[in-house]
Amino acid sequence: MFIPASLRRRTTETTKRTTSGQRLDRAAAELVTGRRPIVEIALECGCASPEVFTRTFLQRFGMSPGAYRNRGLSGSGARAIVREHGPIVREHGPIVRTA
């Protein structure tokens, strides 16, 4: 995938990091708006294993995927999380794995 230098300068992130972040954001949205197993979401996200998914998710969001789902599905934070991530899932559809 070719990314123009001007875009790279604006994002200040590598293409791999940007793509990984987008996948994790969609995975986070799926965790709180869907009911699919975390393992299934991890594999669709393009992670080599559920362990890799958990490690990268923890680095990005500061909590495990299971804790993120539980926080999003219960308590007062649920509406805010769904409001934030719901549009991502609706706009981008399911998580897409690239080669």
Residues being of a type in the set (D, E, K, R), within 21 Å of MET63 (Cβ to Cβ) and either outside any helix (DSSP H, G or I) or at pLDDT below 90 (or both): count how many of those fall in the range 1-43.
7
Give the residues of the range 21-39 that are over 13 Å from ARG69 (Cβ atoms) and surrounded by fewer than 18 Cβ atoms within 10 Å (Cβ to Cβ), sorted by residue number.
GLY21, GLN22
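The values are calculated or read from the model by the stated rules, or taken from the named source; none is laboratory data. Fair warning: this is a prediction, and the values are worked out from it, not measured in the lab. Glycine also receives a Cβ, built like all others from the backbone with ideal geometry; neighbour counts cover every protein chain displayed.
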